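Peer 1: Quick one: this structure, given as structure tokens, is what I'll be asking you about.
No value in this document is a laboratory result; all are computed from the given coordinates. Because the structure is a prediction, the values reported are computed rather than measured. Cβ atoms come from the backbone with ideal geometry, glycine included; neighbour counts cover every protein chain shown.
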Amino acid sequence: MSGHRAVDPVTEKSHVQARPLPGFLQKALAFMPGMNASQDCPDVHVRYLVVEHPAPCTCIAEWVYPDAAQRRALASAFGCARVVWNDCLRDRKEAHAAGLPYGTSAELSRLRITQAKRTEERSWLADVVALQQSLRDMDTAYKNFFDSLRGKRPGRKVGPPRYKSKKDTRQSIRLNTNAFSLQEDGTVYVAKVGSLKVTWSRRLPAAPTSLTVTKDSCGRYFLSFVVDTEPDILPELEDEAGIDLGLSAFAVLSDGSKIASPRFLRRAEKKLKHLQRELSRKAKGSKNRAKARIKVARQHAKVGDRRRDFHHKASTQIIRDNQAVYVEDLAVSGLGRTRLAKSVHDAGWSAFVGMLEYKAVKHGRTFAKVDRAFPSSQVCSACGFRDGPKPLHVREWRCGACGTVHDRDRNAARNVLFEGHRIVAAKRAETLNACGAPVRRAPVPAQRGEAGSPRKGQTTQAGIPGL
């Protein structure tokens, strides 16, 4: 499953409903200053929004095996879509440099597709059907870029569209429902390409709304279907998990269980070194170099496939076994610039957290990220005393206040669990409860030495709230 469209359901309608406070929220309220769910309000109920999500879009990828003629037709389609993209992008860049308004999609379509097909140097554009979709994809890329500049798009900043090259590691075209169809014999018909043989891993849950044909760097072909699916809500559980991600152990859960780090790239390094050494000895531009490059790309693809399979299995198991999952929001891009860069990228933390997030949405689980500034490794999970920073080689330490001996990773996972409880409780308990008492957190003064502007969405109180 792809993480591009499955993790962002859009709220369609909502209603307010009184429900008993879940168990993990009762635990979280016990840590809040001035709140006691058992004494202040014995029959406490919290009114919060119950949001009904529409069916999320899911992308299902399948391997496809085109024959020689179909591979040539797909290569032509990739090239034509790339030419239209580059021509339209060049027109808009030149208009921007000249201080003119951007050309509209209708103008570019008429100039770079309709009229270009009638010219001698662009007559081969009539052999493919994915040209209009390439122009729509450019409009989407510009919209994401401008929304990111204006602050309307959350997440990392998005750059402007770039030119495409036939030497890019991935080539793709996207088709709407008018350009493909599913056949009764299990093949997929693509206009002006033919019927493609597909290895199906599952039945499509619904009729696909679009199709993307992709060729990766090692010559494999994939079909990605976008379908509308219903949420698969799992039965509610009492267990929750805080997760501490690491390198010695891939993940440590708050209950003490550990997931070993498989180190796929490290295990494949010996073979990769041999293949890359052979690649460097081949003459540039030769056929032998092209063959050696494909061998290196296939080995890297195997490493990526194994890592992705491991992430899917681990994330699915965690989501099935826990009603709420909390994980620390690590600065992976920053850690990727340190001496641990290879190990950090080999672990693939960002992809794993993304899978946890969209699977929690799909299966009706609670998911929250704890701010990276939260001192999960410095606070005692038993008494809340902040013992200060510790070097990485210290794997066990004793609390200076209560004397409890902690395993560093498990203690951090427990603190992530407690902080995740607090974050979820603070988000959901902002309205009045059934007894009429306010449940919003009382203002907390900043500690000495930390009296500054708090991070967005975080208080300046260190440690576990209420301790």
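Peer 1: Pull out the extension gain between Arg293 and Lys166, defined as 0.36 nm times the separation in residues minus the alpha carbon to alpha carbon distance; nm, one decimal.
Peer 2: Taking 0.36 nm per residue and subtracting the Cα distance, the gain is 44.2 nm.
Peer 1: Here's another thing I want to ask about it. Over the Cα atoms of the range 62-228, Rg to Rh with Kirkwood Rh, two decimal places?
Peer 2: Across the range 62-228, the Cα-based Rg/Rh ratio is 0.99.
Peer 1: Label Val158 and Gln317 with points 7 Å out from Cα along Cα→Cβ: what is the distance between them in nm?
Peer 2: Here the modelled spin labels are 3.6 nm apart.
Peer 1: Relative to the compact-globule scaling 2.2 N^0.38 Å, provide the ratio for the alpha-carbon radius of gyration of the range 103-164.
Peer 2: 1.39
Peer 1: How much net charge surrounds Gly246 when only other residues with a Cβ under 12 Å from its Cβ are counted (Lys, Arg +1; Asp, Glu -1)?
Peer 2: The answer is 0.
Peer 1: log₁₀ I(q)/I(0) of the range 122-204 at q = 0.16 Å⁻¹, via Debye over equal Cα point scatterers, no solvent, to two decimals?
Peer 2: The computed values of log10 I(q)/I(0) come out as -0.87.
Peer 1: Can you give the FRET efficiency for Cys402 and Asp185, using 1/(1 + (r/R0)^6), R0 = 51 Å, r = Cβ-Cβ distance, to the nearest 0.05?
Peer 2: The formula returns an efficiency of 0.15 here.
Peer 1: Here's a follow-up. Can you compute log10 of I(q)/I(0) for the range 314-417 with the Debye formula, treating each Cα as one identical point scatterer, at q = 0.16 Å⁻¹?
Peer 2: Ignoring solvent entirely, the Cα scatterers give -0.83.
Peer 1: Place a +1 charge on the Cβ of each Lys and Arg in the range 62-228 and a -1 charge on the Cβ of each Asp and Glu, then give the dipole magnitude about the Cα centre in debye, rounded to the nearest 20.
Peer 2: Working: 30 positive and 17 negative charges, 127 e Å.
The dipole of the range 62-228 has a size of about 620 debye.
Peer 1: How much length would be gained if the chain were fully extended between Thr199 and Glu107, taking 0.36 nm per residue of separation minus their Cα-Cα distance, in nm to one decimal? Please report the intermediate quantities before stating the final value.
Peer 2: Working: separation 92, 0.36 × 92 = 33.12 nm, distance 4.06 nm.
Taking 0.36 nm per residue and subtracting the Cα distance, the gain is 29.1 nm.
Peer 1: Please compute the net charge surrounding Arg266, taking Lys and Arg as +1 and Asp and Glu as -1 over other residues with Cβ under 11 Å from its Cβ.
Peer 2: Net local charge, Arg266 excluded: +2.
Peer 1: For the range 240-428, what class follows from the C-alpha gyration tensor (a ≥ b ≥ c being the square roots of its eigenvalues): rounded when a/c is under 1.5, otherwise prolate if a/b is larger than b/c, else oblate? Can you show the working numbers first?
Peer 2: Details: a/c = 2.98, a/b = 1.90, b/c = 1.57.
Judged from the Cα gyration tensor, the range 240-428 comes out prolate (a/c at least 1.5, a/b above b/c).
Peer 1: Moving on to the next point. Note the full-extension length gain between Glu238 and Ser257 as 0.36 nm times their separation in residues minus their Cα-Cα distance, in nm to one decimal.
Peer 2: 5.1 nm
Peer 1: Using 1/(1 + (r/R0)^6) with R0 = 60 angstrom and r between the beta carbons of Ala283 and Gln132, what's the FRET efficiency to the nearest 0.05? Don't skip to the end; give the middle numbers.
Peer 2: On the way: r = 41 Å, r/R0 = 0.69.
Rounded to the nearest 0.05, the efficiency is 0.90.
Peer 1: On to the next question. I want the local charge near Thr214. Using Cβ-Cβ distances under 10 Å, sum +1 for each Lys or Arg and -1 for each Asp or Glu among the other residues. Walk me through the numbers before you get to the answer.
Peer 2: Details: positive: Arg170, Arg174, Lys215, Arg220; negative: Asp216.
Combined, the nearby Lys, Arg, Asp and Glu give +3.
Peer 1: Here's something else I'd like to know. Normalized C-alpha radius of gyration of the range 197-271, against 2.2 N^0.38 Å? Each step should come with its number before you reach the end.
Peer 2: Values: Rg = 19.4 Å, N = 75, 2.2 N^0.38 = 11.3 Å.
Output field value: 1.71.
Peer 1: Follow-up question, since we're still on this one. List the lysines whose Cα lies under 22 Å from the Cα of Lys152, skipping any in the same chain that are fewer than 8 positions away.
Peer 2: Lys13, Lys143, Lys369, Lys427, Lys456
Peer 1: For the pairs Lys270/Lys291; Lys295/Lys342; Lys157/Lys273, flag any whose C-alpha to C-alpha distance is greater than 24 Å.
Peer 2: As for pairs spanning more than 24 Å Cα to Cα, those are Lys157/Lys273.
Peer 1: What FRET efficiency do you get for Asn178 and Arg118 if R0 is 30 Å and r is their Cβ-Cβ distance, rounded to the nearest 0.05?
Peer 2: Once rounded, the FRET efficiency stands at 0.85.
Peer 1: Place a point 7 Å from Cα of Asn144 in the direction of its Cβ. Which residues in the range 157-171 have their backbone N less than 14 Å from it?
Peer 2: Hits in the range 157-171 for Asn144 at 14 Å: 157-163.
Peer 1: Here's a follow-up. For labels at Trp63 and Leu340 in the simple 7 Å Cα→Cβ model, what's the distance in nm?
Peer 2: Going by the 7 Å Cα→Cβ label model, 3.6 nm.
Peer 1: Taking a ≥ b ≥ c as the square roots of the eigenvalues of the Cα gyration tensor of the range 216-332, is the shape rounded (a/c under 1.5), prolate (a/b larger than b/c) or oblate?
Peer 2: In terms of gyration-tensor shape, oblate.
Peer 1: Taking Rh as the Kirkwood radius computed over C-alpha pairs, what is the Stokes-Einstein D of the range 146-252 at 25 °C in a medium of viscosity 0.890 mPa s, expressed in µm² per second?
Peer 2: So the translational diffusion coefficient is about 132 µm²/s.
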